[in-house]
Amino acid sequence: MLLKTYKKRLIWGYISVFGAALSALAIPKVLGTSVNRVLESGEQDVTQLYPLAIVLLLAGTARGLFAFWQTFLAESTSQMVAYDLRNSYFARLQHLSFGFHDNQMTGALMSRATADVEGVRMFVNMGAIRFGFVVVMVLGIAVAMLLTDVKLALVSLAFVPILGWRAMTVSRKLRLAWMHVQELIADLVTVLQENLSGIRVVKAFAAEEYEKEKFEAESGGLAEETYRAERLWAMNFAIMNFSFIAMITLILWIGGLEVNAGKSVIDGQVVYSGLTPGDLTAFIFYMGLLALPVRMTGFLVNAFSRAASSGERIFEILDAESPVNERPGARSLGRVAGHVAFENVSFSYDGGRPVLKNISVAIQPGQIVALLGRPGSGKTTFVHLLSRYYDVTSGRVTIDGTDVRDMLLTSLRDNIGLVQQDVFIHTATVRNNIAYGAVDASLQKVVEMAKIAQIHEFIATLPDGYDSLVGERGVGLSGGQKQRLSIARTLMRDPPILVLDDSTSSVDAHTERLIQDAMEVVIKRRTTFIITHRLSALRGADTILVFKDGEIVERGTHEELLGQGGEYREIYELQLLPGVGAGHKGTATGSDRRLE
Ligand code: ADP
């Protein structure tokens, strides 16, 4: 299907295949004729060899040019296919929903983008163009051999299927071995990746030795398997070479006998009635030519089957249905007012255990809704359903009365700003991190938002200010700084609906104050959902939703809920009340206390 785009290139590829094959076939013929001429003419007269030499040069040049053109086309076309494939693959990954990514291993997705794309590329390179070369060469050589001498041709061609078959079986074994090597590499990468992203945990638990051993075991397995594959390859190379030399020896022997049998001396001149020495020479060269395509059969069969499995894996992703799709006729709502409603919403991640059960809430624009509950009670899932990272199992979620499934995903997500706990910082400047997704935003606006988010002062202390590099290769940021940066990033988009995840941060009193100040400004005029255990935020909320085992067990304002004496009051007395809650080492200030 992809190949259609490259039809023209393929046609040129095949033309050069023919050219290369024909000029390659011409060379032995010319050499053979030259040998005969030399033998016929004696030593004195070499002039008649000149035209032959010129033909030989021309054939050699043509062969070189065609071979160059063929290789160039094969390589460049395959790179183009790989480029397109890689980009579509990446684009697809961007659009697949959380539900899809939950079930995939990062290492496996990465190896598809690299190893599998390479597999398909090799197929286009080897398979589509060079396969033509192999077929044309084998047929051409067979015809040329038969025209030269039927008996010798039959003897040597008899070996072709045997050698071809051997090349294929060895190739299959090699492929399996290399595939295993690939898998081991993927395993090794996974160990490395997990180690590097979790290096702090490794150090905190002094698990360096354990990690080293784990890595060495993987690495040892890889080295062993690679060694085995290399040995198989080297052995096969030697055996194939030997087989060809043996074949040539056999042909020389049979051919030599034949030449001698037909040789007679008439008037002092040597005359050959059957096979001439030139024919035999040409034949030997034909056999030399045959070695390449026969060997290539093995590679080709290999490339075909590898491409089949690689292609399958890539298309599995390219054709994957995202669990979250836009319905036909989905529309953009523009900037919404901010009515949010959950109507009898139930949800389960795996289709089994319900994580949210029959949730119904209706929120007016500009209201502040605090979500409270023990870890695992379903608060994060609730906000994920709002942003449609997952789709409800039953019931519906609406914004301004429209089912979120009837909104364009971009429109939906433009309207919802998310400030997460675990903020991802890109390796880029502070400015670009804040203006993420809005690259053309002015510096003035970025600074303005940074000021509101209480991060401006910190940025001003960095050596390059807003142009300082942060992220993996830049300045390290603390949890609180990341959170404020994320607030600034969200503010840039000025979303009418805001989701703040403030559930697990543990920061010092000063930072806490900063974050709180930032949040107070941010939530004005927006429908806000805030996951929090901060008493001040709970007090300021218009409604508190108390989650327990996937249900909203209580709802109301701080005062109302306290009065009810239920779950909220219990949490309040145990963990929120000023002065209670063991284990808070000076992180809480005054009335601000946290659960975790
Ligand atoms: P909270 O935010 O209140 O801590 P969550 O909404 O994160 O709770 O989790 C609710 C339940 O759903 C938990 O039992 C959790 O194990 C489960 N859960 C959360 N995320 C996933 C996921 N991606 N796949 C499967 N189960 C999940």
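The values are calculated or read from the model by the stated rules, or taken from the named source; none is laboratory data. Since this is a predicted model, take the numbers as computed values, not measurements. Note that each Cβ is placed from the backbone with ideal geometry, even for glycine, and that neighbours are counted across all protein chains shown. Accessible surface areas use protein heavy atoms only, side chains included; no ligands, DNA or RNA. Shrake-Rupley method; radii C 1.70, N 1.55, O 1.52, S 1.80 Å.
Conditions (1) modelled with pLDDT of 90 or more; (2) touching a helix residue (DSSP H, G or I) at 6+ places or on another chain (Cβ under 7 Å), marked per residue:
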{"residue": "SER322", "(1), (2)": "no, yes"}
{"residue": "LEU333", "(1), (2)": "no, yes"}
{"residue": "GLY338", "(1), (2)": "no, no"}
{"residue": "ALA341", "(1), (2)": "yes, no"}
{"residue": "ASN344", "(1), (2)": "yes, no"}
{"residue": "PHE347", "(1), (2)": "yes, yes"}
{"residue": "LEU371", "(1), (2)": "yes, yes"}
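Total residues in segment 363-389 satisfying the condition of being open to solvent by 30 Å² or more (accessible area, probe 1.4 Å) and either away from the ligand (no atom under 12 Å from the Cβ) or acidic (Asp, Glu) (or both): the figure is 5. Restrict the check to segment 110-133 and report whether at least one residue is modelled with pLDDT of 85 or more, open to solvent by 40 Å² or more (accessible area, probe 1.4 Å) and more than 32 Å from the chain's Cα centre (by Cα). Scanning segment 110-133 turns up no residue that is modelled with pLDDT of 85 or more, open to solvent by 40 Å² or more (accessible area, probe 1.4 Å) and more than 32 Å from the chain's Cα centre (by Cα).
For residues that are of a type in the set (Gly, Ala, Ser) and open to solvent by 20 Å² or more (accessible area, probe 1.4 Å), scanning just segment 342-362, find the one that is farthest from the ligand (Cβ to nearest atom). Here the residue is ALA362.
Within segment 393-403, one or more residues are closer than 29 Å to ASN325 by Cα, hydroxyl-bearing (Ser, Thr, Tyr) and within 16 Å of the ligand (Cβ to nearest atom). The requirement of being within 16 Å of the ligand (Cβ to nearest atom) and not small (Gly, Ala, Ser) is fulfilled nowhere in segment 308-320; no residue meets it. Selection of segment 88-99 for residues being open to solvent by less than 90 Å² (accessible area, probe 1.4 Å) and in a helix (DSSP H, G or I) yields SER88, TYR89, ALA91, ARG92, LEU93, PHE98, GLY99. Checking SER264, SER219 one by one, the residue that is at pLDDT 90 or above, open to solvent by less than 70 Å² (accessible area, probe 1.4 Å), assigned by TED's automatic domain parsing to the domain that holds LEU25 and hydroxyl-bearing (Ser, Thr, Tyr) is SER219 and no other. All of LEU85, LEU192, LEU184 fail the test of being open to solvent by 60 Å² or more (accessible area, probe 1.4 Å) and not β-branched (Val, Ile, Thr), apart from LEU192. Of note, ASN241 satisfies the criterion of being closer than 30 Å to GLY288 by Cβ, open to solvent by less than 90 Å² (accessible area, probe 1.4 Å) and assigned by TED's automatic domain parsing to the domain that holds GLY32. Restricting attention to segment 544-559 and to residues that are touching a residue at least 60 places away in the same chain (Cβ under 8 Å) and not in a loop (DSSP other than H, G, I, E, B), the residue that is farthest from the ligand (Cβ to nearest atom) turns out to be ARG555.
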